[in-house]
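Enquirer: Pasting a structure below so you can have a look.
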Amino acid sequence: MEEIKELSNETLVSLAPSIGATAAINGVSERYSFVPTIQAINYLRDSNWIPVQAGQAGVRLEDRRGFQKHMIRFTRPDLLVNGHRMDMLLYNSHDRGCAFQLIGGVFKFACANGLVIGDRMAEYSHRHVGFTPEKFIESAAMVGKHIEKVAGVVDDWQTIQLEEIEKDYFAQAAHKLIYDEPEKSPIRSTQLLNTRRTEDRNKSDLWTTFNTIQENTIKGGLRGRSPKGRRAKTRPVKSIDRNKKINKVLWELTQKMAELKGVRAAA
């Protein structure tokens, strides 16, 4: 199990400078309540959530630099389950583009690739208008309780075995969700099932299959052909928004597969 390394506020700001903004972007309304992201981080620290990772979105307009969307990933030492760490993600921006968002997540140590829980119960948003620390802390506790329940979901999904044809159907459904025009995708759906580690090659459980598809999608690097027949390679997902969207739809798809397997097992 990897050691949890807590990041200081200074380190977080060095990783994502917009975290350290001391004012909102010019032009916000008088009703806008500026709350420093560092303040929200400290609220979570006081609730025993440890910051372990940070990043920020790119900007197209230079005047948004330093105010753009950013993400901080937190965890708790007691939320380590079978090689997985249950995390809480905090999103925010100071350019009117994003409210405070708290989202549950899972982090697999083997691939060091975070994913976001797709269940809406593990998400809470706070607008910058009328922000109150009390509601923020309360919602963090609510999301935290749901994250604790996810540990059981991971265990359940590791016990669900998939037939090869079921894995193929799973990959096909994921392929359609990931690509707006699947027929123009550079890869076949079955390539999403390519394992990257020896220990995963002979596994057919739902959790491993989900992680394989998720990692191949987020990390990219799969070789294929463009619609014109040229050699192509899938790119890693670096956008904060697209990363969150893909992770959530894949989680929801996996939930549906688990439900289907549950019905069949009961029958």
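The values are calculated or read from the model by the stated rules, or taken from the named source; none is laboratory data. All figures in this text were calculated on a predicted structure; none of them were measured in a lab. Positions of Cβ are generated from backbone atoms using ideal geometry, with glycine treated the same way; all protein chains shown enter the neighbour counts.
Enquirer: Please tell me if Lys261 is surrounded by 13 or more Cβ atoms within 10 Å (Cβ to Cβ), assigned to a loop (DSSP other than H, G, I, E, B) and not aromatic (Phe, Trp, Tyr). Walk me through how you get there before you give the answer.
Expert: Values: surrounded by 13 or more Cβ atoms within 10 Å (Cβ to Cβ): yes; assigned to a loop (DSSP other than H, G, I, E, B): no; not aromatic (Phe, Trp, Tyr): yes.
Here the answer is no, as Lys261 does not meet what is asked.
Enquirer: Going by what's in this entry, would Ser125 be described as modelled with pLDDT of 80 or more, in a helix (DSSP H, G or I) and assigned by TED's automatic domain parsing to the domain that holds Asp87? So that I can check it myself, show each step before the final result.
Expert: Details: modelled with pLDDT of 80 or more: yes; in a helix (DSSP H, G or I): no; assigned by TED's automatic domain parsing to the domain that holds Asp87: yes.
Judged against the criteria, Ser125 is not a match.
Enquirer: Within the range 40-57, which residues are free of Cβ contacts under 8 Å to residues at least 40 places away in the same chain and under 16 Å from Asn92 (Cα atoms)?
Expert: The answer is Asn42, and nothing else.
Enquirer: Looking for whichever is outside any strand (DSSP E or B), over 28 Å from Gly224 (Cβ atoms), of a type in the set (Gly, Ala, Ser) and in contact (Cβ under 8 Å) with a residue 12 or more places away in the chain here; the options are Ala140, Ala174. Which one fits?
Expert: Result of the check over Ala140, Ala174: Ala140.
Enquirer: Just checking, how many residues over the range 177-199 are in a helix (DSSP H, G or I) and either in contact with a helix residue (DSSP H, G or I) (Cβ under 7 Å, 6 or more places away or on another chain) or not basic (Lys, Arg) (or both)?
Expert: The qualifying residues number 11.
Enquirer: Continuing with this model, one more query. Could you tell me whether any residue of the range 230-242 is among the aliphatic types (A, V, I, L, M), more than 30 Å from Phe100 (Cβ to Cβ) and modelled with pLDDT of 90 or more?
Expert: No - not one qualifying residue is present in the range 230-242.
Enquirer: Does the range 160-168 include one or more residues that are basic (Lys, Arg) and under 23 Å from the mean Cα position of the chain (by Cα)?
Expert: yes
Enquirer: Another question about this same structure. In this structure, does Thr75 turn out to be of a type in the set (S, T, N, Q), in the same structural domain as Gly130 (by TED's automatic domain parsing) and within 22 Å of Glu138 (Cβ to Cβ)?
Expert: yes
Enquirer: Between residues in the range 67-79 that are of a type in the set (D, E, K, R) and residues that are in a strand (DSSP E or B) and surrounded by 22 or more Cβ atoms within 10 Å (Cβ to Cβ), which pairs lie under 6 Å by C-beta distance while being six or more apart or on different chains?
Expert: Listed by first residue and then by second, the contacts come to Arg73/Asp87; Arg73/Leu89.
Enquirer: Considering only residues that are polar (S, T, N, Q) and buried (at least 19 other Cβ atoms within 10 Å of the Cβ), look in the range 6-47 and name the one that is nearest to Lys69 (Cα to Cα).
Expert: If we take residues in the range 6-47 being polar (S, T, N, Q) and buried (at least 19 other Cβ atoms within 10 Å of the Cβ), then Ser18 is nearest to Lys69 (Cα to Cα).
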